[in-house]
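Encoded as structure tokens, the structure appears first; notes follow it.
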Amino acid sequence: MKFFKDGDVWSLIPSERVDVRDELPSRVFSFCKNKMSGEYYLEEAKPFQLPAVIYGKVSHYGSRILTSFKSENGQTGVLLSGEKGSGKSLLAKYLAVNSGLPVLIVNSAFCDDLFLRTVQGITQPVVILFDEFEKVYDGSEQFKILTLFDGLYNSGKKLLILTCNSLHKVNDFFLNRPARIRYSIAFSSLEVSFIEEYCKDRLNDKKLIPEIINISLACYNFNFDMLQALVSELNAWPEYSVDDILEILNVKTI
């Protein structure tokens, strides 16, 4: 049994549950808040998994951002915007995994002074991921954590990543402010290079690649889910034309 002192309170904890370290291990954690005490703590989450092959510019963007982050002493902010399946989440995971650092996920609107001071108290290099930022934080709450991105509540190296679906819902004070957000990447429809790479790797009938590219250009925000489904259907039903596949597939051109 171990005895843990917090203020005037002594807790009795079985020895096998105690693991005291000076630094966090390189794992994924979620920020949590104790509803009774109001204090913050970290809970281990599932590790991020990257696909075996990464297409398009994700690796290129990721390498540039990580190189910049590692060469600077302070923090680096990254804003990734775009609809689901556009590639922003893949880049966020790429940065998290390849940083080799502990990853702290914020998926609740924590913005009080204790949260800011808790983040400040983490002095080792970490990645802090604000997932679906504009959905979790409303306008006033976004304003309250601006000081976090200004570095006023930060110590040590931190890579601050925000993902959002609707860029127009992000406070203007985050936009066009490189001192706060160094990199802003907007994802829309998949790039032609991404589609070509994926089809050359996954599509059985390579002659259909130009037709798939034309379809992508005729769709509103042609995303990875759409590409994956289209290629899967064409491979499964080679006797059908692309038009036959699109007749019932949930991929519609404008």
Review point. For the peptides 11-17, 114-120, 160-166, 21-27, what is the packing order when you average, over each peptide's residues, the other Cβ atoms within 10 Å and list the highest mean first?
Key: 160-166, 114-120, 21-27, 11-17
Revision key, fill the gap. From the Cα centre of region 1-36 to that of region 43-110, the distance in Å is 28 Å
**Study point:** Phi to ³J(HN,Hα) by Karplus 6.51 cos²θ - 1.76 cosθ + 1.60 over region 238-244, Hz, x for Gly, Pro
**Key:** x, 6, 9, 7, 4, 4, 5
Check your understanding: Counting each DSSP H run of 4 or more residues in the chain as -39500 (n - 2.57), what helix-only mean residue ellipticity at 222 nm follows after dividing by all residues, to the nearest 500 deg cm²/dmol?
Key -> -10000 deg cm²/dmol
Check your understanding: Between the DSSP loop rule and a limit of at most 10 other Cβ atoms within 10 Å, which GluC sites (Glu not before Pro) in region 224-254 are left?
Key -> E239
Review point. Amide H of F130: which non-local residues (sequence gap of 5 or more, or other chain) have their own amide H closer than 5 Å, using H built in the peptide plane?
Key: V106, I161, L162, T163
Check your understanding: Where does the charge balance sit around Q142 when Lys and Arg score +1, Asp and Glu -1, over other residues with C-beta under 15 Å from its C-beta?
Key -> -3
Study note, to complete from the structure: Looks like region 94-156, by Cα gyration tensor root eigenvalues a ≥ b ≥ c and the a/c under 1.5 rounded cutoff (else prolate when a/b is bigger than b/c, oblate otherwise), is oblate
Review point. What percentage of the solvent-accessible surface of region 159-254, computed with a 1.4 Å probe over protein heavy atoms, is contributed by carbon and sulfur atoms?
Key: 51 percent
Review point. Tell me, what % of the accessible area of region 32-92 is carbon and sulfur with a 1.4 angstrom probe?
Key: 51 percent
Point to revise | Rounded to the nearest 10 Å², the accessible area of H60 at probe 1.4 Å | key: 100 Å²
Review point. On average, how much accessible surface per residue is there in region 113-254, in Å², for a 1.4 Å probe, leaving out ligands, DNA and RNA?
Key: 53 Å²
Point to revise | Residue-wise HN-Hα coupling along region 82-99, computed from phi with Karplus coefficients 6.51, -1.76, 1.60 (Hz; x: Gly, Pro) | key: x, 6, 4, x, 8, x, 5, 5, 5, 5, 4, 5, 4, 4, 5, 5, 7, 6
Review point. For S108, what is the net charge nearby, where nearby means another residue's Cβ is under 13 Å from its Cβ and Lys, Arg count +1, Asp, Glu -1?
Key: -3
Exercise for review: Mind checking which of S193, A236, Y183 is farthest towards the positive end of region 171-240's charge dipole, using Cβ charges of +1 (Lys, Arg) and -1 (Asp, Glu) about the Cα centre?
Suggested key: Y183
**Study point:** Dipole magnitude of region 7-83, debye to nearest 20 (Cβ charges: Lys/Arg +1, Asp/Glu -1, about Cα centre)
**Key:** 400 debye
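The values are calculated or read from the model by the stated rules, or taken from the named source; none is laboratory data. If you're wondering where the values come from, they're calculated on a predicted model, not measured in any experiment. Note: ideal-geometry Cβ built from the backbone for every residue, glycine included; neighbour counts use all protein chains shown. With ligands, DNA and RNA removed, areas are computed over all heavy atoms of the protein, side chains included. Shrake-Rupley method; radii C 1.70, N 1.55, O 1.52, S 1.80 Å.
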